[in-house]
Ligand code: BG6
């Protein structure tokens, strides 16, 4: 049995603009919803301040929708981690150089929408923003690194949210398409791999969808990003908003194929795995049903139509999907070329307990057979092989793992970072991935571990939850020099890539 990855395999790492790029007020960039989120230590401690219709200040937490008439504001004295993030904006040459030194032949990054269209609805794009990504792509190509570009990664122009109410409004399709068309026109000779949207199954609230509540009644604080049960009007709004987004993505698929020779354009989901707690039929079937809440979106984007079971999910909320003329056709005729996904962990579904979806996938009961990261995420390399098989069996289209890794606390000893815990995690996951490819026949085209250079956590806003091969000197309060230090895992991953994954 040949235990090697294909010669064409894409090895790299992944980042997102809102957590890595910084330079939030430079180069003509406009405000994104992520710029309005304070630091925190867990998801529901991150706040978005606003003034209400009477001018009174209040806040929502990450994942919630704003009351009607609210004006999001930056509050003095608060720390907003996206503003500088880990400053790729001023370090891109150094960082891409470090990626090249590790041997990357690919790098997944996201474009910041408001760097291109500061409010989202301008007629003309911001040239300075376009030039920045030209420079970034040139730097990648100079080093033989293929850029894999996410068009939308937890990114919502504040201007569009305020004026149009975000993705609940169909007009967003036009703004997204104008933005995509500008990107395709400008970068068609430099970028072949595109991802229309990051983790479409975990989007929700003002932060990612720009949504406002239907009325200004206070809702309970729901904690993690997407609870199992939504308030009916919020669920309805969310599924309709996500329909608009999927239609927009399908139009972008069409456009990309018309404009860019040899393009590959995929969708992306958080697809960490899920197990039933026991063999009780309600645990087994419950886990299956819960899994469909994520697969619903890849089913639509990969197969081109809503699966029959979608109705039962919508019925739970008395929601009826509004389709317009042409929606079914565009979904059907322009599905994604490949499925990109993140894999961090598995979780356990218990029929008697709640289960939620947050960054990194579903979160449910603890699994007594698995160790956990310091943030409580179960470590499950076999689960990665399971998910790779599950997805390939389901779609028979190429897969790309564009996020994987463990968030951990790194300490510097004599100027070095001995992150053997990270190496152990990645070694086991790459071995499992290799089994899926070489033994099980899964068509996986690339692997890009998350946060290859340290960046801010999406869920908690912390800096100390680090994923990278390269340490960035910055703390949770935004203090630090931004200096880069290679961790032990840097040298280890370099040798993995040099051996095309045969030496772990
Ligand atoms: C994924 C997101 O859900 O998980 C990333 O696409 C995120 O943006 C990653 O950073 C890890 O989650 P967290 O909360 O540890 O940053």
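The values are calculated or read from the model by the stated rules, or taken from the named source; none is laboratory data. Just so it is clear, the structure is predicted and the values come from calculations on it, not from any experiment. Heads up, the Cβs are rebuilt from the backbone with ideal geometry, glycines too, and the neighbour counts pull from every protein chain shown.
Any residue that is over 20 Å from residue 138 (Cβ atoms), surrounded by fewer than 24 Cβ atoms within 10 Å (Cβ to Cβ) and either more than 16 Å from the ligand (Cβ to nearest atom) or without any contact (Cβ under 8 Å) to a residue 60 or more places away in the chain (or both) - is there at least one of those in region 86-104? Within region 86-104, none of the residues are over 20 Å from residue 138 (Cβ atoms), surrounded by fewer than 24 Cβ atoms within 10 Å (Cβ to Cβ) and either more than 16 Å from the ligand (Cβ to nearest atom) or without any contact (Cβ under 8 Å) to a residue 60 or more places away in the chain (or both). Of all the listed residues (65, 34), the sole one being in contact (Cβ under 8 Å) with a residue 24 or more places away in the chain, within 20 Å of the chain's Cα centre (by Cα), away from the ligand (no atom under 16 Å from the Cβ) and buried (at least 24 other Cβ atoms within 10 Å of the Cβ) is 65.
Can you find a residue in region 438-454 that is surrounded by fewer than 17 Cβ atoms within 10 Å (Cβ to Cβ) and within 24 Å of the chain's Cα centre (by Cα)? Yes, that holds for at least one residue.
Among the residues making up region 491-504, a single one is within 15 Å of residue 453 (Cα to Cα) and either out of contact with any helix residue (DSSP H, G or I) (no Cβ under 6 Å at 6 or more places or on another chain) or without any contact (Cβ under 8 Å) to a residue 40 or more places away in the chain (or both): 491. Annotation: of all residues in region 351-363 being buried (at least 18 other Cβ atoms within 10 Å of the Cβ) and touching a helix residue (DSSP H, G or I) at 6+ places or on another chain (Cβ under 8 Å), the one that is farthest from residue 278 (Cα to Cα) is 359. Among the residues of region 303-310, none qualifies, meaning not one is crowded, with 22+ Cβ neighbours inside 10 Å and in contact with a helix residue (DSSP H, G or I) (Cβ under 6 Å, 6 or more places away or on another chain). A single entry from 63, 69, 22, 55 fulfils the requirement of being more than 13 Å from residue 115 (Cβ to Cβ), at pLDDT 90 or above and in a loop (DSSP other than H, G, I, E, B): 55. Of the candidates 434, 427, the single residue that is assigned to a helix (DSSP H, G or I), more than 15 Å from the ligand (Cβ to nearest atom), under 28 Å from residue 473 (Cα atoms) and in contact (Cβ under 8 Å) with a residue 24 or more places away in the chain is 427. The criterion of being crowded, with 22+ Cβ neighbours inside 10 Å, assigned to a strand (DSSP E or B), within 11 Å of the ligand (Cβ to nearest atom) and at pLDDT 95 or above holds for residue 402. Could you tell me whether residue 80 is under 20 Å from the mean Cα position of the chain (by Cα), at pLDDT 95 or above, surrounded by 15 or more Cβ atoms within 10 Å (Cβ to Cβ) and not in a loop (DSSP other than H, G, I, E, B)? When the stated conditions are applied, residue 80 does not pass them.
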